[in-house]
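Heads up: the structure comes next, in structure tokens.
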Amino acid sequence: MAFVGRSNVGKSSLLNRLLGRKALARISSTPGRTRAVNYFIINSQFYCVDLPGYGYAKVGKKVRREWARLIGSYFETRPERTRVVHLVDAKVGATPLDVEAADYLDSLGVATTTVATKLDKLPRSRRARQIEAIRQQLRLADSDPLIAFSAVKGDGVRELWREIGAFLQNPASSLLASSL
């Protein structure tokens, strides 16, 4: 399971909440804190992979180019064995970079689950509308998974585990379903 998204979208916070650990993945309010591909083995059965964020980060262009190469290499060598969890900030919505990332992942043929993070930062009255806007911005079909998630409140944890469990039970059928 590879976790990808813009810098500071909440990848590490999501991983910590999902795995029930406060400091497994390093979190920071400074964008670009994750600078390497970090592997976390879960129950000796599968890996959660925390990838560096794309987009804005307080690092130089050379480092950002290296991150892009690193992430590209990761996906191009593992698409058949990887389920990607693509994180998008629910408050901000899908940015052009998020759309570009979704298109890139689609071009590689990797199975993807989209997660709208930081749900707790949206008023309840705007949540459903914002989730639907993200679905439209990313051109997701109604059948494509889009999970509303809050690392603070725990919203979406069960739903994301359900997606992960379905993939782990039968990764080949998940890949086929995502390509239909």
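Tabulated results
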| quantity | calculated |
| --- | --- |
| Helices (runs of 4 or more DSSP H) fully within the stretch 67-180 counting 1 or more residues that are at pLDDT 95 or above | 124-137, 157-169 |
| Hits in the stretch 1-25 - residues which are over 21 Å from Val88 (Cβ atoms) and modelled with pLDDT under 80 | Arg21, Lys22, Ala23, Leu24 |
| Residue pairs meeting the criteria (Cβ under 9 Å; at least 6 apart or on separate chains; first free of Cβ contacts under 8 Å to residues at least 24 places away in the same chain and buried (at least 19 other Cβ atoms within 10 Å of the Cβ), in the stretch 141-167; second assigned to a helix (DSSP H, G or I) and not small (Gly, Ala, Ser)) | none |
| Residues located in the stretch 85-138, provided they are loosely packed, with under 15 Cβ neighbours inside 10 Å, touching a residue at least 24 places away in the same chain (Cβ under 8 Å) and over 16 Å from the mean Cα position of the chain (by Cα) | Lys121 |
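The values are calculated or read from the model by the stated rules, or taken from the named source; none is laboratory data. Worth saying up front: this structure is predicted, and the values here are computed from it rather than measured. Counting neighbours? That spans all protein chains shown, and the Cβs are built from the backbone with ideal geometry, glycine included.
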